[in-house]
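Novice: Let me give you the structure first, and then I'll get to my questions.
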Amino acid sequence: MALMRFLQTPGLRGALCYTGTRTLSSGTLHIKDPLNFWCGGRVNLKDVKTKSEPVYEPATGRVLCQLQACGAADVDAAIGSASAAFKVWSKLAGMERARVMLEAARLIEKRREEIAEIEVVNNGKSITEARLDVDSARLCIEYFAGQATTLSGQHVQLPGGSFAYTRREPLGVCVGIGAWNYPFQIAAWKSAPAIACGNSMVFKPSPVTPVTAVLLAEIYSQAGAPEGLFNVVQGGQETGSLLCHHPSVAKVSFTGSVPTGKKIMEMASRGVKPVTLELGGKSPLIIFEDSDLENAVRGALMANFLSQGQVCSNGTRVFVQSSILPQFLKEVLKRTKAIQIGDPLLDETRMGALVSKPHLDKVLGYVKQAKNEGARVLCGGEPFTPADPKLKDGYYMTPCVLDNCTDDMTCVREEIFGPVMSVLSFDTEDEVLRRANDSALGLAAGVFTKDVKRAHRVIENLQAGSCFINNYNITPVEVPFGGYKASGIGRENGQVTIEFYSQLKTVVVEMGDVDSLF
């Protein structure tokens, strides 16, 4: 999932040119407040049988806080709180729900820099990107506040004066399970459509990035939401399993890996619960010889190096028509080598730290494997140590460009989820379409060309749910986001998402006598 809808807009200028007072610096924040939230407040777990797990600050490698996972009793308490809130919230008019949501959006805007800084400390991405994540969260809540006022059914006239109508009703208690690459934004993207439709939510962040979801819970509460409307439970696989199996849960929405998504779908199926799954990708970016090369290079960088490459929709298979490949590589290398790596809380930084040491090692392992399989490392792919001594234990690497790649290489087949661009050459349109679609995944795809007919023809034939022409990783909240094939089920954002957080009731009204066969 990407966020960059703000290019050449006030949002991006505000992210790049922030002039306020910095309240945090890397290596200074210590979190001691509880990170679980239900019944309208933070909850300190009194009876924790499981050992607490350390949460790390990616920029420095130091321990940021200790995470205590919720057990069965805690999950029951959070879901009970959500059930109570649902009884109140679901009876409100759409306009009443919208007022609360718009107030929450206002509070997010007011606390933008505070939330962004904490997100950086917990996730490692640059402060510039974190500000845009917060903006995307706010815009999503504003958008679905508008949708809350428009929920309606259909009237159908039947013979003899009888008629039928439909009611769009909420599901009940929804569970959201987030990923670690966009912690605050994902919490908003899942909760906003859910509560707009009259549901309540229990949200479980990734145990790697547990800190900012509770800020959203507090903001909803301060905005006037009933106690229990949005709850946060912390934990890993066991806590997630408890949520998916709970009989009072009506729906599960998950963002994360394909293997975990399959497990969640299986668990939810036992209760016949609908799921929304936003899973992984290995997306193609196709650059034709007639494209605007400057924009194509910009698009390729945006498609690979946002959030240190930790974006599910990234276009990591970059297919470049052979006639322009040398020129493309020359420009991409020049710009990749110029990317400023370092303290993610500094405005000039363009690439921060990867989310964890194990993940850094995994990404570096993919680069090593690519070399062993015959790919050529044109730049990067190595551990990086910033000059600032306090950052020496952080999880940094240099952005990597791989050439001489083939379709059967591991770096081309598997999702790396790091700053690694695999470049492949092609000659014809038919050839590149066949190769681009040769994947079990289908989250996103992009094409750069000046030929309008070709652009739409290629997009029509690409097996992907979120596609881009002459740009990449643009995700306005007004349009649906989601994938084909193993990349997921359902959509997030856009008007269609209302259908995934509500259900239709059909009512038939007889205005005459009953015709009976008996």
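Novice: Return a yes/no flag: does segment 438-458 have any residue that is open to solvent by 10 Å² or more (accessible area, probe 1.4 Å), within 27 Å of Lys362 (Cβ to Cβ) and free of Cβ contacts under 8 Å to residues at least 40 places away in the same chain. Don't jump to the end; show me each part of the working.
Specialist: Our first condition is that a residue be open to solvent by 10 Å² or more (accessible area, probe 1.4 Å); within segment 438-458, this holds for 438-441, 450-454, 456-457.
Adding the requirement that they be within 27 Å of Lys362 (Cβ to Cβ) leaves 438-441.
After this cut, where a residue has to be free of Cβ contacts under 8 Å to residues at least 40 places away in the same chain as well, the list is 438.
Yes, there is a match, as at least one residue in segment 438-458 is open to solvent by 10 Å² or more (accessible area, probe 1.4 Å), within 27 Å of Lys362 (Cβ to Cβ) and free of Cβ contacts under 8 Å to residues at least 40 places away in the same chain.
Residues checked against (1) under 22 Å from Phe481 (Cβ atoms); (2) of a type in the set (S, T, N, Q):
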site	(1), (2)
Val173	no, no
Gln185	yes, yes
Pro193	yes, no
Pro205	yes, no
Leu215	no, no
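Novice: Hey, another quick one. Hey, Ala187 hits all of (1) in contact with a Gly (Cβ under 7 Å, 6 or more places away or on another chain); (2) in a strand (DSSP E or B); (3) small (Gly, Ala, Ser) but one; which does it fall short on?
Specialist: It is condition (2) that Ala187 fails.
Novice: Within segment 365-384, track down each residue that is open to solvent by less than 90 Å² (accessible area, probe 1.4 Å) and either part of a loop (DSSP other than H, G, I, E, B) or in contact (Cβ under 8 Å) with a residue 40 or more places away in the chain (or both). Step through it out loud before you land on a result.
Specialist: Looking only at segment 365-384, we keep the residues that are open to solvent by less than 90 Å² (accessible area, probe 1.4 Å), and these are 365-367, 369-370, 373-375, 377-381, 384.
Selection gives Tyr366, Val367, Gln369, Ala370, Glu373, Gly374, Ala375, Leu378, Cys379, Gly380, Gly381, Phe384.
Novice: Name the single residue that is farthest from Gly315 (Cα to Cα) among those in segment 418-428 being assigned to a strand (DSSP E or B) and open to solvent by less than 20 Å² (accessible area, probe 1.4 Å).
Specialist: Let us first name the residues in segment 418-428 that are assigned to a strand (DSSP E or B), namely 420-426.
Checking which are open to solvent by less than 20 Å² (accessible area, probe 1.4 Å) leaves us with 420-424, 426.
Details: Val420: 10, Met421: 8, Ser422: 9, Val423: 10, Leu424: 12, Phe426: 16 Å.
Out of the qualifying residues, it is Phe426.
Novice: Select from segment 385-417 the residues that are open to solvent by 20 Å² or more (accessible area, probe 1.4 Å), assigned to a loop (DSSP other than H, G, I, E, B) and not hydrophobic (A, V, I, L, M, F, W, C) and list them in ascending order.
Specialist: If the condition is that a residue be open to solvent by 20 Å² or more (accessible area, probe 1.4 Å), assigned to a loop (DSSP other than H, G, I, E, B) and not hydrophobic (A, V, I, L, M, F, W, C), then Thr385, Asp388, Lys392, Asp393, Thr398, Asn404, Thr406, Asp407, Asp408, Glu414, Glu415 are the ones that fit.
Novice: Determine the pairs where a residue that is open to solvent by 50 Å² or more (accessible area, probe 1.4 Å), located within segment 493-516, has a partner that is small (Gly, Ala, Ser) with Cβ atoms under 6 Å apart, the partner being 6 or more residues away or on another chain.
Specialist: Phe500/Gly490; Val508/Ala164; Glu510/Ser162; Met511/Gly161; Met511/Ser162
Novice: From the list Val75, Val88, pick out the single residue that is touching a residue at least 12 places away in the same chain (Cβ under 8 Å), surrounded by fewer than 18 Cβ atoms within 10 Å (Cβ to Cβ), of a type outside the set (S, T, N, Q) and assigned to a helix (DSSP H, G or I). Show your work before the answer.
Specialist: Values: Val75 fails: surrounded by fewer than 18 Cβ atoms within 10 Å (Cβ to Cβ).
Unique residue meeting the criteria: Val88.
Novice: Considering (1) in contact with a Leu (Cβ under 9 Å, 6 or more places away or on another chain); (2) closer than 22 Å to Gly442 by Cβ, say which one Ile186 fails and leave the rest.
Specialist: (1)
Novice: Six or more apart or on different chains, Cβ atoms under 6 Å: show the pairs whose first residue is in segment 94-113 and open to solvent by less than 20 Å² (accessible area, probe 1.4 Å) and whose second is assigned to a helix (DSSP H, G or I) and small (Gly, Ala, Ser).
Specialist: Gly94/Ala148; Arg97/Ala148; Ala98/Ala145; Ala98/Ala148; Met101/Ala145
Novice: Kindly establish whether Phe328 is under 27 Å from Glu113 (Cα atoms) and either out of contact with any Lys or Arg (no Cβ under 9 Å at 6 or more places or on another chain) or assigned to a helix (DSSP H, G or I) (or both). Explain how you work it out, then say what you get.
Specialist: On the way: under 27 Å from Glu113 (Cα atoms): no; either out of contact with any Lys or Arg (no Cβ under 9 Å at 6 or more places or on another chain) or assigned to a helix (DSSP H, G or I) (or both): yes.
So Phe328 does not fit the description; no.
Novice: Please work out if Ala85 is over 28 Å from Asp361 (Cα atoms) and in contact with a Pro (Cβ under 6 Å, 6 or more places away or on another chain). Don't jump to the end; show me each part of the working.
Specialist: Values: over 28 Å from Asp361 (Cα atoms): yes; in contact with a Pro (Cβ under 6 Å, 6 or more places away or on another chain): yes.
Yes; evaluated as a whole, the condition is true for this residue.
Novice: crowded, with 24+ Cβ neighbours inside 10 Å, of a type outside the set (Asp, Glu), at pLDDT 95 or above and outside any helix (DSSP H, G or I) - does that describe any residue in segment 131-142?
Specialist: Checked segment 131-142: no residue is crowded, with 24+ Cβ neighbours inside 10 Å, of a type outside the set (Asp, Glu), at pLDDT 95 or above and outside any helix (DSSP H, G or I).
The values are calculated or read from the model by the stated rules, or taken from the named source; none is laboratory data. All of these numbers come straight from a predicted model, not from anything done at the bench. Heads up, the Cβs are rebuilt from the backbone with ideal geometry, glycines too, and the neighbour counts pull from every protein chain shown. Ligands, DNA and RNA are stripped out before the accessible areas are found, and what is left, the full protein with its side chains, is counted by its heavy atoms. Shrake-Rupley method; radii C 1.70, N 1.55, O 1.52, S 1.80 Å.
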